[in-house]
Amino acid sequence: MTIRLRAATAASLTGLLALAACSAGADSSTDAETIKIVGFAVPEAANKNIAAEFNKTDEGKGVSFETSYGASGDQSRAVEAGLEADYVHFSVPTDVTRLVDAGLVADDWDSGENKGVVSTSVVVFGVRDGNPKNIETWDDLIKPGVEIVTPNPASSGAARWNALAAYGQVISGGGTEEEATDYTDKFFENVVSLPGSGRDATTAFLGGTGDVLMAYENEAILAAQNGEGFEYVIPETTLKIENAGAILEDASEPSQAWLDFVLSDEGQRQFALTGFRPIRDDVDYGGTVQGAKDPSDPFPAVPTLLTVDNDFGGWDEVSDKFFDEEDGLVMKAIVAAGHSLE
């Protein structure tokens, strides 16, 4: 099984740098500095809001932004292939380490207190209004007739979090690796759509595909904020999503200040207001997040919250065991179910 690297995608994404998402207050003078952001699709709205607040600071005054968003893996490969970037914001850390291996990001990018994580969320189930299929638990997803929408792990980081959550909840509940593998096989047998990115998966679900959408919690909240809301269920056992951010070795002058601001209380507040869980518990976002299932308690505690480091042995082990192109457990489940990895 071979995952096509989509050389054409890298070329087309280069053209996307013409998209200048300039924040409020950006200076239009010719000597204004620019930060080129390349990221996965889901945090686009959050980054736009953070940029507007950054422009109000001394470090951000006059800074403009050029942005390119898409599927995390595709974006990472595009930067490796030559797409210019100062700051990358990817769904999974392996999409940053690809750039470390290419000499584009420093080896110690994840050595800070945040360990390279700039935004977090959890895996949830998006369901139709009234939850007609009564989707509440992981077991409900593999019942006959339940149609699942989830992104494709070949291109999407969101898909990898979803697949790990599906496998990990079996082990967490006392199941064996064989039982977890069997569950994963049944899960992908019920998948009816594998879009290229988490955002594309949401679009497909909103367009009427499937009964349940595997999604980030923040994606469900943002959809509601945009008037396209759908109900969502936070299962009792789920996976903590930890998205990676880093500046490149040859990043523009204000890029480090930008990353520092992203990690600041104000940056994390803007993440929270667009549905992400702040990386620190003490961030004050006002206590209310519109679009959440309960706006006054937008980020309820999860009874059993798995993490890649604690429950899967870290991303090096995960990448080989689950997502290797030839032998990865998840990749084989997708192919066995009759789906394409391209």
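Just so you know, all these numbers are worked out from the coordinates, no wet-lab data involved. None of the values given here were measured: they were computed from a predicted structure. Quick reminder, even Gly has a Cβ in these numbers, built from the backbone with ideal geometry, and neighbours come from all protein chains shown.
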(request) Excluding residues on the same chain fewer than 8 positions from Lys36, give the lysines whose Cα lies under 18 Å from its Cα. (result) Lys48, Lys61
(message) With an 8 Å Cα cut-off and a minimum separation of 6 or more residues, compute the relative contact order for segment 128-275 in percent.
(response) 28
(message) Please list, ordered by chain and number, the residues whose modelled amide H lies under 5 Å from the amide H of Val122; skip anything fewer than 5 residues away on the same chain.
(response) Glu217, Asn218, Ile241
(message) As an exercise, use a Förster radius of 51 Å and the Cβ-Cβ distance of Lys143 and Glu249 to find the FRET efficiency, rounded to the nearest 0.05.
(response) 0.55
(request) Sort Arg280, Arg77 so the one with the fewest other Cβ atoms within 10 Å of its own Cβ comes first. (result) Arg280, Arg77
(request) Run the quick spin-label model on Asn114 and Asp101: label points 7 Å from Cα toward the beta carbon, then report their separation in nm to one decimal. (result) 2.5
(message) Using 0.36 nm times the number of residues separating Lys133 and Lys186, minus their current alpha carbon distance, what extension gain do you get?
(response) 17.3 nm
(request) Nearest 5 is fine: what % of DSSP beta bridges in the chain come out antiparallel, could you say? (result) 50
(request) Could you go through segment 330-341 in sequence order and give the Karplus-derived ³J(HN,Hα) for each residue, using 6.51 cos²θ - 1.76 cosθ + 1.60 with θ = phi - 60°, rounded to whole Hz, and x for Gly and Pro? (result) 5, 4, 5, 5, 5, 5, 4, 7, x, 9, 9, 8
(message) Using Cβ contacts closer than 10 Å as the measure, can you line up Lys115, Lys186 from fewest to most?
(response) Lys115, Lys186
(request) Can you grab the distance from the C-alpha centre of segment 280-342 to the C-alpha centre of segment 182-260, Å, no decimals? (result) 9
(request) Extending each Cα 7 Å along its Cβ direction at Thr209 and Glu266, get the distance between those two points in nm, one decimal. (result) 4.0
(request) Grab the beta carbon distance between Thr176 and Ser340, set R0 = 30 Å, and tell me the FRET efficiency rounded to 0.05. (result) 0.50
(message) Quick query: amide H of Thr34 versus all other amide H atoms, modeled in the peptide plane; which residues come in under 5 Å with a sequence gap of 5 or more or a different chain?
(response) Ser64
(message) Sort Val79, Val117 by Cβ crowding within 10 Å, fewest neighbours at the top.
(response) Val117, Val79
(request) Give the label of the value calculated from the structure for volume of the Cα convex hull per residue in Å³, choosing from (i) 131; (ii) 169; (iii) 160. (result) (i)
(request) For the chain, with a Gaussian network of springs between Cα atoms less than 10 Å apart, report the residue from Glu177, Glu189, Glu113 with the top mean-square fluctuation. (result) Glu113
(message) Using helices alone, I'd like the mean residue ellipticity at 222 nm for the chain: each DSSP H run of four-plus residues gives -39500 (n - 2.57), total over residue count, nearest 500.
(response) -10500 deg cm²/dmol
